[in-house]
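To start, the structure itself, in structure tokens.
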Amino acid sequence: MFKIARTTLAAHPMRPLPADGDDAHDLSRFTVSESWTGDLANGIIRLGECATLLHGLDGPECGLLNMTRCYDAHDRALVLDLFEQAATASSSFCYSTTIVSEREYRQPVFCIAETTGLDGGVAGSICGVFMFPRFRLAPALPSIAYA
């Protein structure tokens, strides 16, 4: 799933999740979520501790190419294109893909984000949240060619 919209999250009519209560508990039971930010003027993305670890990065600050390097190869270009579109006009966007680690586990990841401050030719910022389900997928099986 790769989506972009030229709207703001604030305009959405759904009620927000409560900070406490059953909904918040259920969400944390099934996922680990973590916010992240980016500066579109210099291209620096700042991840939280969990996202840094799961993306296989050495530190919390990285560039977009470093962050997406671990994504499923089929999705990488789509994610980069989505970020490029979002960097041209204030937008909300989301994507889901799989992180493939050196140890061959596969971690699903969902991202919802928003770019702001792009009006008038000024470089803006980006803020978002990653959601990591509390499970990993088995390694992908190699393709078998049939004659």
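The values are calculated or read from the model by the stated rules, or taken from the named source; none is laboratory data. Since this is a predicted model, take the numbers as computed values, not measurements. Ideal geometry is used to build each Cβ from the backbone, glycine not excepted, and the neighbour counts take in all protein chains shown. Each accessible area value is taken on the protein alone, full model and side chains, heavy atoms only, with ligands, DNA and RNA left out. Shrake-Rupley method; radii C 1.70, N 1.55, O 1.52, S 1.80 Å.
Numerical summary
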quantity: Filtered residues of segment 78-93 (kept if closer than 24 Å to Pro133 by Cβ and open to solvent by 30 Å² or more (accessible area, probe 1.4 Å)); calculated: Leu78, Leu80
quantity: Some residue of segment 112-119 being at pLDDT 90 or above, open to solvent by 40 Å² or more (accessible area, probe 1.4 Å) and in contact with a helix residue (DSSP H, G or I) (Cβ under 9 Å, 6 or more places away or on another chain); calculated: yes
quantity: Residue in segment 31-77 that is farthest from Pro133 (Cα to Cα), counting only those that are touching a Pro at 6+ places or on another chain (Cβ under 9 Å) and open to solvent by 60 Å² or more (accessible area, probe 1.4 Å); calculated: Arg46
quantity: Matching residues in segment 64-111 - criterion: being of a type in the set (Phe, Trp, Tyr), over 16 Å from Gly38 (Cα atoms) and either out of contact with any Lys or Arg (no Cβ under 6 Å at 6 or more places or on another chain) or in a helix (DSSP H, G or I) (or both); calculated: Tyr71, Tyr95, Phe110
